[in-house]
4 protein chains.
Amino acid sequence: MIELKASQGAGADAPKQGVVQAAVIGATGYAGCELLTLLARHPAASVTCLMSSGRDGKKVFPIEDSHPRLRGLFSVQCEPLDVEQVINGEPDVVFLATPHETSHQIVPQLLESGLRVIDLSAAFRLKQQPAYSHWYDFEHHAGDALAEAVYGIPEFDAQRIGSARLVANPGCYPTSVILALAPLLKAGWVNVSAGIIADSKSGVTGAGRKPTEKLHFPEVNENLRAYGLFRHRHLPEMLQELELSSNDFTFTPHLLPITRGILTTIYLRLSSPRKLAEIEGFYKEVYAAAPMVRVYPAGTLPEILGVANTQFADIGFALDEATGRLILVSAIDNLGKGAAGQAVQNMNVMFGLPQQTGLL
Amino acid sequence: MIELKASQGAGADAPKQGVVQAAVIGATGYAGCELLTLLARHPAASVTCLMSSGRDGKKVFPIEDSHPRLRGLFSVQCEPLDVEQVINGEPDVVFLATPHETSHQIVPQLLESGLRVIDLSAAFRLKQQPAYSHWYDFEHHAGDALAEAVYGIPEFDAQRIGSARLVANPGCYPTSVILALAPLLKAGWVNVSAGIIADSKSGVTGAGRKPTEKLHFPEVNENLRAYGLFRHRHLPEMLQELELSSNDFTFTPHLLPITRGILTTIYLRLSSPRKLAEIEGFYKEVYAAAPMVRVYPAGTLPEILGVANTQFADIGFALDEATGRLILVSAIDNLGKGAAGQAVQNMNVMFGLPQQTGLL
Amino acid sequence: MIELKASQGAGADAPKQGVVQAAVIGATGYAGCELLTLLARHPAASVTCLMSSGRDGKKVFPIEDSHPRLRGLFSVQCEPLDVEQVINGEPDVVFLATPHETSHQIVPQLLESGLRVIDLSAAFRLKQQPAYSHWYDFEHHAGDALAEAVYGIPEFDAQRIGSARLVANPGCYPTSVILALAPLLKAGWVNVSAGIIADSKSGVTGAGRKPTEKLHFPEVNENLRAYGLFRHRHLPEMLQELELSSNDFTFTPHLLPITRGILTTIYLRLSSPRKLAEIEGFYKEVYAAAPMVRVYPAGTLPEILGVANTQFADIGFALDEATGRLILVSAIDNLGKGAAGQAVQNMNVMFGLPQQTGLL
Amino acid sequence: MIELKASQGAGADAPKQGVVQAAVIGATGYAGCELLTLLARHPAASVTCLMSSGRDGKKVFPIEDSHPRLRGLFSVQCEPLDVEQVINGEPDVVFLATPHETSHQIVPQLLESGLRVIDLSAAFRLKQQPAYSHWYDFEHHAGDALAEAVYGIPEFDAQRIGSARLVANPGCYPTSVILALAPLLKAGWVNVSAGIIADSKSGVTGAGRKPTEKLHFPEVNENLRAYGLFRHRHLPEMLQELELSSNDFTFTPHLLPITRGILTTIYLRLSSPRKLAEIEGFYKEVYAAAPMVRVYPAGTLPEILGVANTQFADIGFALDEATGRLILVSAIDNLGKGAAGQAVQNMNVMFGLPQQTGLL
């Protein structure tokens, strides 16, 4: 069984001023906005630096020009990305909500300067350096940073996250799949060779803020589409963390006509007969000390409405006891537990705060 | 391989007046509205009787009181259900968009009077009479009618539909699953014992017009929920038509925050290695003469936007050739090919009209 | 009172082959798709030429590559815009669903070649040539064409449309405002100097298919925004047709999180006391012979659901008899009566067909 | 000019335990859920009692059975309404998110017992007792409570709210209208006799959680409807607080296909010529010390996306300087500043906390 390190992380460093001083790079995207919303409300964090990596020519602007909902929350202005300036500000932690290539490029310098980094991009999630040219269209040259990066699911790895200098914040789909599936796999309860299928449905913010024809309102509204069959970028991340072969695991994402939220329906066969109550008891035990994961009682199932605009991951299940077919249903907010919420949870662990601080 | 009877049905009877005179019972529901929209536009049909089975006390009312979009399209008023009156009107065909129990109750009398019936409810879809008390909470007493009912997928059974007196119009989910899966199963290309999974996502009109807390706008909007796991009413209908055991077939419906449309993602393993082009060719051949089914070229996939407010069923696929994992994606409008469109297509077959008449 | 020319237009030309042969230029936009949907279903029209004015490099492609919903409906391929080729095809009518500048540029040549044109862009709607540089950012050089263009609201001008060579198909907002307001203004029942306010709310397809940040799904969904206050492009078109001064008429559009439909709420004061029944009677008389306008009985109001995916304009009203404050509510589908539906209605008039042909 | 009492309320009582102990009655509705979300996050409040006034027979249940999103946030169970039990619990404040009639019935007893009450229903908003039988279908018998009730807009009346025993929390539409309009009216800048029009558009949660046909998902989705013209219940509340005659003020609500948020577009004429900058300066001064109201710079306008899931009211404007036509646009979340957010803001004022505590 997974050893959960749950609520209290190691907390290698205490923040300098009592509150964690955070720099947020990539503030103009959706994950950036969510991060800022959470940090504005966080009782032990403060945003001291806001930067945008976009090339829109604006020198310095108030963040509400990009995110009207943040009007009135921050006095610090948003500036163009300048790594030296970040370093000189000596933040306790740097959040990167930047494109993969940008994160890949600036993380080494940030680490060298002694800063701790939580990267929301995929640039440090895959352990195999060559995988980046295949899945992300860039050559990865930051091998040292990659080697020390900790894949940041606080429920599973709080100890290492607590002392990490670089946390690779998981992808939204992988979070929804791994939290539901990993415990059962590690326990050996899954008949892996019978095949596992994860059918995911995600809101549109998961695809970012750049307008494209596929994400134009009338192309998404009143629609549902499957995409990336057998070849979505998040697949290798799941296989790596779940230690599965691509032959045994099928992942199909779908684009929902909603702003935020992911529901994943996972189909598997148990390796030996179980009762539904046994499954429920197992998950309740696994996540007993995990404040951001909620296990649903048998007979009820999570839905997106229960997690949207929250930082929770919800997990439920249905079992055909006669055949051992188990269906896991997990729900997260892709911007919450699937991005910014998990990033702040990782920050909490890194600075010795209770995991749920500022996240309820 | 399935023998498609495609475009021309047998057409046992010619309509009396050159155009098919239709009675529509259950006019105030969503399927009723869609039926009326299609019949208003149909070049060879005319609505001569409109009735509501609801108990709302209204004696006679213009149909636009129930469906504003139909204002101006019908001069005939909507009346309370009266079987005698239907019979006296001597329509060529009676459409029932009524609750299961109502259809079950009135069909025998309609048949006795020599009328032909297309029933959109589930009352005559399941061949096993006792199944109704298990799946639909009523005892089925109309065994004779049940015995002669033809399950109405015109692509597969035009011959029998053409001469049928009672057509059981298929459910929306079953239509989306059967059109995609049946050809491959019949051809023996599926490794059935490896398990087949149909993960369906449906718009809300599929659940009818009766307001409930689960279908209240804020409970559906920006949400997605799975429901009826291992026990949805449409499961036995699929098992029956696909000749599958419930051990081998898993069906999970989800409620989408959209008005109309179903996307079904079907996971299966091929019984022997195939190329993607082979799959595509097979489906194109199967449906070559079927005007209401559209097979997508490899590399593209159907989506709900392509079928909403149409009467088509769209089918596409993705294959992992190395492992034989095949994913079928089908899309229909649940009110179109999943209900009213298919009902009118059945009517066309019954009266010797080209299947697509009035449906493009 | 307005003289309605209603159902039968003059129909200067009979179509050459019994059915109207239509060329559709600008087929890849939303109005183009709607036009094609309507023409595919039209009993007396046929699409003989499909062209796209976009510069996407594709030479020739099946229209379903752009609009999946049209798969299987057209055998003719979509080609890049080539005016000579259009002319050589000798269509009975050319529909332009092109950008303003493109219409402006090609209409003169089409007219010279003897073709009849229905232009869905704004290029020939404003009578004052200089207005284009102010409102539409281009210099208008096609003065002759402009002079002969007929502003195409068939309810008001069927006679001239019937013999027109160039019909300027009205904008969506103007259609929703003019149909509701013009009768009352012409009758002198409005206290114009007290000010008239039109508060419109439109679905997103009205803004076209080009992806922009403002129309990116998560920026529109669960949102409502007002825009273009006192300066929307459709304002001069309304002022011109309603013969109003900009001082007396305020128009505010809002962007709704829906795909299609416009609801306009118009506030005015009557010039003398009236009863509600009088207003209702007046509108019923005005539109008695207009098959595509539906007047709602007092006590009920149109809503978008009643017109979406239809070609109707619905009009209703509420009156405070004590003060003479009248509220008009009109609803159209912006792609239907607000664009393609009206264009086909104009075509019907031009070729002597009943106005509603193919539009119910 | 309005005298703003802004951030610090009088705070008649300090909470007994350092944190404000709150009872929430009516916990199962949408406003109740929002209240609980805010209170769970509030640094100086604690929920000690949860009750439902519904007659669903359930004795005691965990609140997540009603609101899945609240799972894990409260240890206290939800109980059936029992006024004695509330009183015995000696909470610092009682929030009523109950139906009007329930609030009307229980408030006198709560006050008698010395409790302080914030009532989110309309039961104590209208000063004229007879108005209730006209607008709310019940006879009002709690004249004493009505007499002492303070209409709770903290930006305008913090002094009286600070010492109030009973706060009548304003309606959602009135909040959106009054915050935008009151300052200008009080300053005498409005030509009132020229008429003022408030065209409001609201999300569906404003209509409550009880399922009805009008609020059934497919009846709202992809729709917009106007309702309650000249006779919406919130009209008398606005007239009372704005001191306007019904002849001069027109209010039209519309139902948006979104879950939460109100946008109100207000049309008026200035009583004398002003520059846009003057208007902006005026509002910035009025709301300088109001942390929950955000005034938009000229040239930008609030939209629902900027306030949804926040507790802010946003106000912007556009002016036609030549004619003095001013358009005010205000945006709130109907469950936030329009209900629960304002209720908590009132609580903050009542207990001497900064107004924005727990609301950012």
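Values quoted throughout were computed directly from the atomic coordinates according to the rules given, and no laboratory measurement underlies them. All values derive from a computational prediction rather than experimental measurement. Using ideal geometry, Cβ is built from the backbone for each residue, glycine included, and neighbour counts are taken over all protein chains shown.
Find every distance from the label point of D:Ser245 to the corresponding label point in the other copies (7 Å from Cα along Cα→Cβ) and write them in nm, one decimal, shortest first.
For D:Ser245, the inter-copy label distances come out at 2.6, 8.4, 8.6 nm.
Could you put C:Lys337, C:Lys59 in order, starting from the residue whose Cβ has the fewest other Cβ atoms within 10 Å?
Details: C:Lys337 30, C:Lys59 8.
Exposure proxy ranking, most exposed first: C:Lys59, C:Lys337.
When only Cα pairs under 8 Å and 6 or more residues apart are kept, what is the percent relative contact order across chain C?
Contact order relative to length: 22 percent.
How big is the charge dipole of the protein assembly as shown about its Cα centre, in debye rounded to the nearest 20, if each Lys and Arg gets +1 on its Cβ and each Asp and Glu gets -1 on its Cβ?
On the way: 116 positive and 144 negative charges, 1 e Å.
That gives a dipole near 0 debye.
Against the longest principal axis of chain D, how steep is helix D:172-186, in degrees 0 to 90 to the nearest 10, with axes from Cα atoms?
For helix D:172-186, the angle is close to 40 degrees.
Identify, among A:Thr310, A:Ala187, A:Thr212, the residue whose Cα sits farthest towards the positive end of the charge dipole of the stretch A:185-342, taking +1 on the Cβ of Lys and Arg and -1 on the Cβ of Asp and Glu, with the dipole about the Cα centre.
Result: A:Thr212.
Which peptide among B:272-279, A:277-284 comes first, and what is the full order, when sorted by highest mean count of other Cβ atoms within 10 Å?
Highest to lowest by the protection proxy: A:277-284, B:272-279.
Once R0 is set to 60 Å, what does the formula 1/(1 + (r/R0)^6) return for the Cβ-Cβ distance between D:His141 and B:His141, expressed as a FRET efficiency to the nearest 0.05?
0.60
First measure r as the distance between the Cβ atoms of D:Ala40 and A:Gln159, then evaluate 1/(1 + (r/R0)^6) with R0 = 25 Å and state the FRET efficiency to the nearest 0.05.
Working: r = 29 Å, r/R0 = 1.16.
Here the calculated transfer efficiency is 0.30.
Provide the FRET efficiency to the nearest 0.05 for the A:Arg231-C:Glu321 pair, computing r from the beta carbons and using R0 = 56 Å.
Calculated transfer efficiency: 0.25.
For a quick check: sort A:Tyr287, A:Tyr132 by the number of other beta carbons within 10 angstrom, fewest at the front.
Listing A:Tyr287, A:Tyr132 from fewest to most nearby Cβ atoms yields A:Tyr287, A:Tyr132.
Which residue, chosen from A:Ala147, A:Pro236, A:Leu126, occupies the Cα position most advanced towards the positive end of the dipole of the stretch A:103-240, where the dipole is computed from +1 (Lys, Arg) and -1 (Asp, Glu) charges on Cβ about the Cα centre?
Working it through, the farthest residue towards the positive pole turns out to be A:Pro236.
Please average, across the residues of D:251-258, the number of beta carbons from any other chain that are within 10 Å of each residue's own beta carbon, and give a whole number.
On the way: counts 0, 6, 0, 9, 2, 8, 12, 11.
Partner-chain Cβ atoms within 10 Å, mean over residues of D:251-258: 6.
What is the distance, in nm, between label points placed 7 Å from the Cα along the Cα-to-Cβ direction at C:Lys210 and at D:Ser75?
Once both label points are built, they end up 6.0 nm from each other.
Treating the beta-carbon of each Lys and Arg as +1 and of each Asp and Glu as -1, no other charges, what is the dipole magnitude of the stretch C:190-237 about its Cα centre, to the nearest 20 debye?
With only Lys, Arg, Asp and Glu charged at Cβ, the dipole is about 160 debye.
Which whole number gives the average count of other chain Cβ atoms within 10 Å of the Cβ atoms across peptide A:321-328?
Across A:321-328, the average partner-chain Cβ count within 10 Å equals 3.
Restricting to DSSP loop positions (anything but H, G, I, E, B) with no more than 13 other Cβ atoms inside 10 Å of their own Cβ, which GluC sites (Glu not before Pro) remain in the stretch D:189-265?
Counting only loop positions with at most 13 other Cβ atoms within 10 Å, the GluC sites (Glu not before Pro) in the stretch D:189-265 are D:Glu243.
So which residue of D has the beta-carbon closest to the axis that swings D onto A, and how many whole Å away?
Taking the axis that maps D onto A, the answer comes out as D:Asn309, 3.
Taking the stretch A:225-271, which trypsin sites (Lys or Arg not before Pro) meet the DSSP loop condition and have no more than 15 other C-beta atoms within 10 Å?
Values: sites: A:Arg225, A:Arg231, A:Arg233, A:Arg260, A:Arg269; in loops: A:Arg231, A:Arg233, A:Arg260.
Passing sites in the stretch A:225-271 are A:Arg231.
I need C:His216, A:His141 ordered by Cβ neighbour count within 10 Å, fewest first.
On the way: C:His216 22, A:His141 13.
Ordered from fewest to most neighbouring Cβ atoms within 10 Å, C:His216, A:His141 come out as A:His141, C:His216.
Specify the angular offset, from 0 to 90 degrees and rounded to the nearest 10, of the alpha carbon long axis of helix B:100-112 from the longest principal axis of the alpha carbons in chain B.
Taking the Cα atoms of chain B, the angle to B:100-112 is about 70 degrees.
Could you state the angle between the C-alpha long axis of helix B:154-163 and the longest principal axis of the C-alpha atoms of chain B, as a value from 0 to 90 degrees rounded to the nearest 10?
For helix B:154-163, the angle is close to 40 degrees.
Which Cα, out of A:Gly54, A:Leu276, A:Gly171, lies furthest along the positive dipole direction of chain A (beta carbon charges, K/R +1, D/E -1)?
Of the listed residues, the answer is A:Leu276.
Label A:Val60 and D:Asn191 with points 7 Å out from Cα along Cα→Cβ: what is the distance between them in nm?
It works out to 4.4 nm between the two label points.
Using a 7 Å offset from Cα along the direction of the beta-carbon, what are the separations from D:Glu321 to the same position in each other copy, nm, ascending?
Listed shortest first, these distances are 4.6, 7.0, 7.8 nm.
What distance in nm separates the two pseudo spin-label positions at B:Ala131 and A:Ala131, each 7 Å out from Cα along the beta-carbon direction?
If labels sit at B:Ala131 and A:Ala131, their model points lie 4.5 nm apart.
Report, in listed order, any pair from D:Lys16/D:Lys186; A:Lys210/D:Lys275; D:Lys201/D:Lys284; A:Lys16/A:Lys284 with a Cα-Cα distance greater than 30 Å. It would help to have the intermediate numbers written out before the result.
Details: D:Lys16/D:Lys186 39 Å; A:Lys210/D:Lys275 37 Å; D:Lys201/D:Lys284 25 Å; A:Lys16/A:Lys284 37 Å.
Correct reply: D:Lys16/D:Lys186; A:Lys210/D:Lys275; A:Lys16/A:Lys284.
Taking the label point 7 Å from Cα in the Cβ direction, how far apart in nm is D:Asn88 from each other copy of itself, listed shortest first?
Spacings between copies for this position, smallest first, are 6.6, 6.7, 9.4 nm.
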